[in-house]
Each structure stands twice: as C-alpha cells, then as structure tokens.
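Visitor: My questions all concern the structure below.
Please treat every number below as a calculation from the coordinates, not as lab data. Since the structure is predicted, the reported quantities are computational estimates derived from the model, not experimental observations. As a convention, Cβ positions derive from the backbone with ideal geometry for all residues, glycine included, and neighbour counts pool all protein chains shown.
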Amino acid sequence: MAGNESSSLADQLPLESFEDLPDDALCVICQQPSTDNVSMCLKGHNACRTCATKWVNSDNANYDKCASCRVLLHRPYVPGQGNVWVSNMVLNNLVDTFQIKCANVKVGCTHMCKLTEMSEHMKACEWREMACKCSGCTWKGPVCKWHQHMQDQDHGCHLVDMLLFTQGVCATMVEKFEAAEAVSAKFQTEHFQPLKTQIDCIGSGQNSMKDQLRVIEGYTKKPDGSSERSKRRDRKNAKDVDEANQVVERATADKATAESERDELKRRLDEIEAAPPPPPPVTTLSLVQFQSCQSTRDRFFRERDEARHESYMAQQRIHDQHTMLKKMMPHAVSSCPCTLVNCDSGGGQRNCHAYARGLKRRTVEEAMAEEREDGELA
C-alpha cells in the first residue's frame with residue numbers, strides 16, 4: 001500500500017480503521033493518515049507529500065509557510081534537485097507498523113493487524129462482501145452471513161441444479177479423458193513398442209561391434225600375458241619420463257645461466273663500489289656541467305633499472321621452471337631457488353637475503369664521480 005501513487009490511505013481503508021492512531025500522525029491539511037509523510041516546518045508539523053506539494057503550488061498567500069503554525073517551510077536546497085521535502089521516516093514507520101482495524105470494521109470485523117498485512121487478511125476476511133450465486137437473487141452481504149441467507153430464502157433447489165450441472169460437466173470430462181487414454185494406448189502399441197524394439201536391436205549390435213573392435217585393436221591378452229594396450233601404455237610412460245628429464249635439464253641450464261648473470265651483476269656492483277670517492281662538491285656549476293650531471297644521473301638510474309629488470313627476469317625464469325617441475329614431479333622437487341617476493345614454493349625473500357648479504361648499494365654521487373673519472377681519462 002505504501003508504494004501506491006497516492007500516499008493517502010483514505011481511498012484504501014475507512015477512517016474508522018485508524019481511529020486509534022494519534023492525532024499527530026494525521027496530515028495537518030487533509031486530516032487523514034498517510035504512509036509518505038514529510039516535515040513542513042522545524043516545529044514538527046507533518047503532512048502527506050501529496051497535500052504538501054499541492055500546498056506550495058497553490059495560489060494561497062501562505063504557500064511558503066506551514067499550514068499549521070504559519071512559519072517558513074523547511075525545504076532544504078539540494079543541487080540538481082532544488083528545494084526538496086524531508087521525509088519523516090519515524091512517522092512513516094509508525095503508520096506501517098501500527099495495529100489498525102480491518103476495512104470491514106463497519107459491518108462487524110474486529111481483526112487488527114499491520115498495514116502491510118492488511119491485504120492478506122482482506123482476501124480471507126469472513127466479513128468481506130459477496131453476492132449470492134443463485135439465479136435471480138440480488139442479495140449482497142458478508143461471507144459469514146451467506147449460509148444463513150441460503151437457509152432463509154430456501155435456495156436449496158438452486159443448489160441441486162448447480163450440483164447436477166457440475167456432475168454433468170464432470171461426466172463429460174471423464175469421457176474425454178478415457179478417450180484420450182485409448183488413443184494413447186493405441187499409439188503406444190502401434191508406434192512406441194516397435195520403435196523400442198528397434199532401439200534394443202541397435203544397442204545389441206553396437207555391443208557386438210565393440211567386442212570385435214577390442215579384438216582388432218589388441219585388447220585381448222596375448223600368449224605372453226601382455227597386450228597391445230599395455231605396451232602402448234608403457235611406451236607412453238617412457239616418453240613422459242624422457243620429456244620430464246629434458247625439462248629437468250633445461251631447468252638446470254637456465255638455473256646456471258641465471259646464476260652466472262647474477263654473478264656478473266654482483267661483479268659490476270663491486271666494481272662500482274670500488275671506485276674512488278668523488279671530489280668535493282663544486283659550489284657553482286656551469287650550464288654544461290649541470291647538463292652533464294643530469295645525463296650521468298639519468299644514465300645511472302637507467303642502468304640500475306636495467307640491471308634490476310634483468311635480475312627479475314632471470315629469477316622469474318627460475319621460478320617458472322621450478323613450478324613446471326613441481327607439477328610434473330611433485331615428490332622429487334625441493335624448495336624454489338628464486339628470490340621473487342611473491343614466491344609460494346619455498347623461495348622469495350629468504351633467498352634474496354642470502355644472495356645479497358654483505359653487498360653495498362651504489363650511490364648517485366659514486367656514479368657521478370666514476371663518470372667524471374672516465375671523462376678525464378678520455
């Protein structure tokens with residue numbers, strides 16, 4: 001009910017259903033309950049959204065003031081939407097959860113439930129209005145009074161006619177059902193059974209063909225106890241072992257290559273660290289000296305990034321080879337020798353510390369000093 005286009009409940013339920021609802025919960029304009037209430041002013045006066053919208057759009061001189069206390073309306077400004085109403089969620093929840101009386105309270109129903117449960121009750125209410133089903137009768141009244149009406153007006157003869165008509169309809173439906181069963185049995189005898197027999201024959205023929213194929217392909221045992229199938233399996237296993245050995249050899253070669261690359265990088269770092277210290281800094285630099293320093297610094301960082309990238313790719317190849325070996329021979333492969341941080345096979349940071357222990361970083365000043373020495377020698 002709360003989701004209807006009109007927020008007022010006067011068109012859905014009589015006002016007697018809400019007679020126990022507090023007066024503060026009613027709209028200050030139409031004096032009726034609603035499920036979509038808004039706050040008109042800061043004093044707490046409420047109105048249903050429909051009435052509030054009509055109020056501000058009317059030609060009333062007080063259209064911009066509260067309909068109850070005549071203070072300025074409380075409509076905050078929202079960018080893109082303009083002045084909007086503030087919904088009174090507390091009052092809306094109160095109306096939704098309030099125990100209201102049935103819509104048939106005028107005729108005698110005393111049931112009370114929440115507004116959200118009223119639609120289910122109205123479908124089964126004993127006091128809902130109904131019309132007499134007998135021909136020529138114009139009686140209308142509650143469902144609970146219909147049996148008494150049938151007895152008072154002696155509508156038994158009409159009920160007998162209705163029962164006879166229903167019996168005739170049922171007999172006709174039974175005859176049609178029996179005719180349909182006969183047609184189904186005839187179809188099953190003439191078409192379904194022969195088709196099933198053909199399918200069974202096809203299945204038995206397929207089984208015999210499978211037996212012949214087994215004999216042809218060598219599935220039957222030979223005099224020495226072996227079969228062609230077992231020999232193919234042995235050859236496949238030997239091929240898999242050879243492929244695994246080749247993978248191991250390639251992984252060993254890649255590991256040796258990576259170690260040699262790592263040693264070369266370490267040697268280069270040692271040479272850089274062994275370079276003599278740079279001369280004292282110059283207080284003023286010319287434009288040529290400044291550009292030379294900038295190019296040296298850029299070249300240093302470029303060489304450092306290239307060295308790091310080469311080291312990372314080498315460790316990535318080691319990690320990939322170890323992963324492949326682990327998938328093929330999970331019980332024969334030890335922990336991963338790579339230095340990748342995200343390695344989940346036993347390598348990573350531990351190997352990185354072991355390889356880099358005792359090394360010293362090369363600073364930018366050392367690289368610039370080495371560049372100047374190379375320039376002087378040249």
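Visitor: Set the Förster distance to 45 Å, then compute FRET efficiency between residue 271 and residue 235 from the Cβ-Cβ distance, nearest 0.05. Intermediate values should be presented prior to the final figure.
Guide: On the way: r = 54 Å, r/R0 = 1.21.
Once the sixth-power term is evaluated, E becomes 0.25.
Visitor: Among 138, 172, 296, which comes first, second and so on when ranked by fewest other beta-carbon atoms within 10 Å?
Guide: Working: 138 7, 172 10, 296 19.
The fewest-first ordering by Cβ neighbours comes to 138, 172, 296.
Visitor: Taking the Cα centre as origin and putting +1 on Lys and Arg beta-carbons and -1 on Asp and Glu beta-carbons, what dipole magnitude results for segment 15-124, to the nearest 20 debye? Can you show the working numbers first?
Guide: Values: 10 positive and 11 negative charges, 54 e Å.
Charge dipole, segment 15-124, about its Cα centre: 260 debye, nearest 20.
Visitor: I want to check the label-to-label distance for residue 294 and residue 263. Put each point 7 Å from Cα in the C-beta direction and report it in nm to one decimal.
Guide: 4.2
Visitor: Just want to confirm a number: the relative contact order over segment 15-124, from Cα pairs under 8 angstrom separated by 6+ residues, in percent.
Guide: Working: 157 pairs, mean separation 27.7, N = 110.
Relative CO of segment 15-124 lands at 25 percent.
Visitor: Additional query: Can you compute the modelled spin-label distance between residue 186 and residue 68, with each label point 7 Å from Cα toward Cβ, in nm?
Guide: Here the answer is 8.0 nm between the modelled labels.
Visitor: Exposure proxy check: 116, 50, 110 ranked by fewest other beta carbons within 10 Å?
Guide: Values: 116 12, 50 18, 110 9.
Going from least to most buried by this count: 110, 116, 50.
Visitor: Going by C-beta contacts inside 10 Å, put 95, 56 in order with the fewest on the left. Write out the running numbers ahead of the final one.
Guide: Details: 95 23, 56 15.
Ranking 95, 56 by Cβ neighbours within 10 Å, fewest first, gives 56, 95.
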